[in-house]
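The values are calculated or read from the model by the stated rules, or taken from the named source; none is laboratory data. Quantities reported herein were computed from a predicted structural model and do not represent experimental measurements. No Cβ is skipped: glycine too gets one built from the backbone with ideal geometry, and neighbour counts run over all protein chains shown.
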Amino acid sequence: MAQDTNYEKDGQMLSFDRRKKILDIVNTRKSITVDALAEAFPVSRMTISRDLEKLEDEGLLKRVRGGAVSLSHIVVSPRASQASKMLTDEQNRIGSKASELISDGDFIIIESGSTCLALVENLIDKDHLKIVTASPMIAMRMAELTEQYNKDFEILLSGGLLNVYKSFLLGPTAMSTFQSIKVDIAFLSVTAIDMEAGITADDVNESAVTKIILERCADKTVGLIMSSKFNKTSFLKVSDITAFNEIITGRELDRVTVEHFAEAGIQMTLC
């Protein structure tokens, strides 16, 4: 980062030095708001915003609505067409374990994403399910299994604007669908999850749908989350981690993280 010799009003601190301190804070805390930085440095929010803009221009952090996140902790979801081509061993284990929570006749949500798709692949021994999803990819796979195995699966695909890269239906129509239903269990994957930053996503419209599902649609919410998604942050906060009643993840997740999430009251199931 090229040195800036302009002075500001915070105790004659060089703006270069302030930005360096801001970057240290962001990298340590993973994410932070403009308001929190304005409290830490006696300058205006506008000055902080300009600092963040400059740091982003230099490729040192990522600005998000109301703050910034560390580049080392940013996660962006892969395209659905790539993620669904080959499920990993960990995803298959998660999907198999999650299927044990489902009984014949249940009404469930399987939101979207490749790890949720792994759950779908483990439903062939279930029957008489009512399934709601925001993913055309998941709906089509459910339809194939219904025909192939002669299952009584009732599939409700929410309407909405299609994000073709994620196979995710977004917008007011999708939100309205989930606002009007109540299910036994909702299964969701996430872009990233962190004790402090919470559940985060990389798309504002996607996060709005996910938030509704997490906070009002189900008697029980279950996160199907690969171990690599933990202690990471994406662009937008969806909800606190306690929006999940249970998280199913791979046994690769480190013991300390498991203990921290368990202490927050979340049932942690490793497989």
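Quick notes on this one:
- Counted residues, the range 70-126 - those being closer than 15 Å to R141 by Cα, assigned to a helix (DSSP H, G or I) and at pLDDT 90 or above: 8
- Checking each residue in the range 212-249 for being closer than 13 Å to I94 by Cα and buried (at least 19 other Cβ atoms within 10 Å of the Cβ) picks out V222, G223, L224, I225, M226, I247, I248, T249.
- From L214, L224, residue being at pLDDT 95 or above and over 22 Å from P172 (Cβ atoms): L224
- Test: S167 is of a type in the set (S, T, N, Q), at positive phi, out of contact with any Phe, Trp or Tyr (no Cβ under 7 Å at 6 or more places or on another chain) and surrounded by 15 or more Cβ atoms within 10 Å (Cβ to Cβ): yes
- Flag if K130 is touching an Asp or Glu at 6+ places or on another chain (Cβ under 7 Å), part of a loop (DSSP other than H, G, I, E, B), in contact (Cβ under 8 Å) with a residue 24 or more places away in the chain and in the same structural domain as A186 (by TED's automatic domain parsing): no
- Condition check for D51: out of contact with any Phe, Trp or Tyr (no Cβ under 7 Å at 6 or more places or on another chain), surrounded by 13 or more Cβ atoms within 10 Å (Cβ to Cβ) and at pLDDT 85 or above: yes
Listed here are the residues, each with its yes/no results for (1) among the aromatic types (F, W, Y); (2) in contact with a helix residue (DSSP H, G or I) (Cβ under 6 Å, 6 or more places away or on another chain); (3) farther than 17 Å from V258 by Cα; (4) not assigned by TED's automatic domain parsing to the domain that holds L156.
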residue	(1), (2), (3), (4)
F178	yes, yes, yes, no
D184	no, no, yes, no
L214	no, yes, yes, no
D219	no, no, yes, no
V222	no, no, no, no
K229	no, no, no, no
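- For the range 114-131, the set of residues classified as surrounded by 18 or more Cβ atoms within 10 Å (Cβ to Cβ) and among the charged types (D, E, K, R) consists of K126 only.
- Restricting the range 167-184 to residues that are touching a residue at least 60 places away in the same chain (Cβ under 8 Å) and touching a Ser or Thr at 6+ places or on another chain (Cβ under 6 Å) leaves a set whose member that is nearest to A264 (Cα to Cα) is F168.
- Pick from the range 22-52, criterion part of a strand (DSSP E or B) and hydroxyl-bearing (S, T, Y), ranking: nearest to the chain's Cα centre (by Cα): S31
- Pairs linking a residue in the range 12-33 that is not assigned by TED's automatic domain parsing to the domain that holds T233 and buried (at least 16 other Cβ atoms within 10 Å of the Cβ) to a residue that is of a type in the set (D, E) and at pLDDT 85 or above, with Cβ atoms under 6 Å and 6 or more positions apart or on different chains, are R19/D51; I22/D51.
- The residues of the range 185-242 that are part of a loop (DSSP other than H, G, I, E, B), under 17 Å from S31 (Cβ atoms) and either free of Cβ contacts under 8 Å to residues at least 12 places away in the same chain or polar (S, T, N, Q) (or both), listed by number, are T191, N231, S234.
- Residue within the range 250-264 that is part of a loop (DSSP other than H, G, I, E, B), modelled with pLDDT of 95 or more and of a type in the set (K, R) present: yes
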